[in-house]
Amino acid sequence: VQALRRCGIMVDPQYIARGDFTFEAGSKAMQQLLDLPQPPTAVFCHSDVMALGALSQAKRQGLKVPEDLSIIGFDNIDLTQFCDPPLTTIAQPRYEIGREAMLLLLDQMQGQHVGSGSRLMDCELIIRGSTRALP
């Protein structure tokens, strides 16, 4: 949401559904979004597990992914390439995240000041079958 706002894109709060990163939370959030007067045509989930729950709920409601609804996850867990359709996802640099965390921890242990805030790292969009361009 922050990235969208930084790009000048306004986010309607009704299209933000929160959950606890579980399959069930993804399913429940998807139903909440589908119940809106104008449901979304695309959904970005904060985790692949939630995206799999959203995908399952969309199918239970009779929607075809990606024809009726595009779904994107975040994590690139192994299961995403085997679901139907295979899930488009964002791959995180897990090794680099772990390495950076360890370096920050070592700096703290050595008494160095470690500033708070975010560390931006490159990620990779892996396009699979759960998304399509709008006509």
Looking at (1) at pLDDT 95 or above; (2) closer than 29 Å to Ser118 by Cα, which is the one condition that is false for Leu104? (1)
Segment 1-39 - residue that is within 15 Å of the chain's Cα centre (by Cα) and part of a loop (DSSP other than H, G, I, E, B) and, of those, modelled with the lowest pLDDT: Val1
Take Ile77 and decide whether it is free of Cβ contacts under 8 Å to residues at least 40 places away in the same chain and crowded, with 16+ Cβ neighbours inside 10 Å. yes
Scanning segment 78-125 for residues that are in contact with a Ser or Thr (Cβ under 9 Å, 6 or more places away or on another chain) and more than 28 Å from Gly53 (Cβ to Cβ) gives none
Any idea which residue in segment 115-125 is surrounded by the fewest Cβ atoms within 10 Å (Cβ to Cβ), counting only those that are of a type outside the set (Asp, Glu) and in contact with a Pro (Cβ under 9 Å, 6 or more places away or on another chain)? Met121
Give just the number: which of (1) buried (at least 19 other Cβ atoms within 10 Å of the Cβ); (2) among the hydroxyl-bearing types (Ser, Thr, Tyr); (3) assigned to a helix (DSSP H, G or I) does Ser56 not satisfy? (1)
Considering residues of segment 126-135 that are surrounded by 11 or more Cβ atoms within 10 Å (Cβ to Cβ) and touching a residue at least 40 places away in the same chain (Cβ under 8 Å) only, the residue nearest to Ala54 (Cα to Cα): Ser130
Pairing a residue in segment 9-22 that is in contact (Cβ under 8 Å) with a residue 24 or more places away in the chain with any residue that is in a loop (DSSP other than H, G, I, E, B) and small (Gly, Ala, Ser), where Cβ atoms lie under 6 Å and the two sit 6 or more apart in sequence or on different chains, gives Phe21/Ser47
Step by step: first the residues of segment 85-109, then only those that are part of a strand (DSSP E or B) and not aliphatic (A, V, I, L, M), then the one that is surrounded by the most Cβ atoms within 10 Å (Cβ to Cβ). Which residue is that? Thr89
Meets criteria (of a type outside the set (Asp, Glu), at pLDDT 95 or above and either surrounded by fewer than 19 Cβ atoms within 10 Å (Cβ to Cβ) or not in a helix (DSSP H, G or I) (or both)) for Gln112: no
Condition test on Pro66, is it in a loop (DSSP other than H, G, I, E, B) and either touching a Ser or Thr at 6+ places or on another chain (Cβ under 8 Å) or crowded, with 21+ Cβ neighbours inside 10 Å (or both)? yes
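The values are calculated or read from the model by the stated rules, or taken from the named source; none is laboratory data. Nothing here was measured: the structure is a model prediction, and the numbers come from that model. Neighbour counts are summed over all protein chains in view; Cβ atoms, including those assigned to glycine, are modelled from backbone coordinates with ideal geometry.
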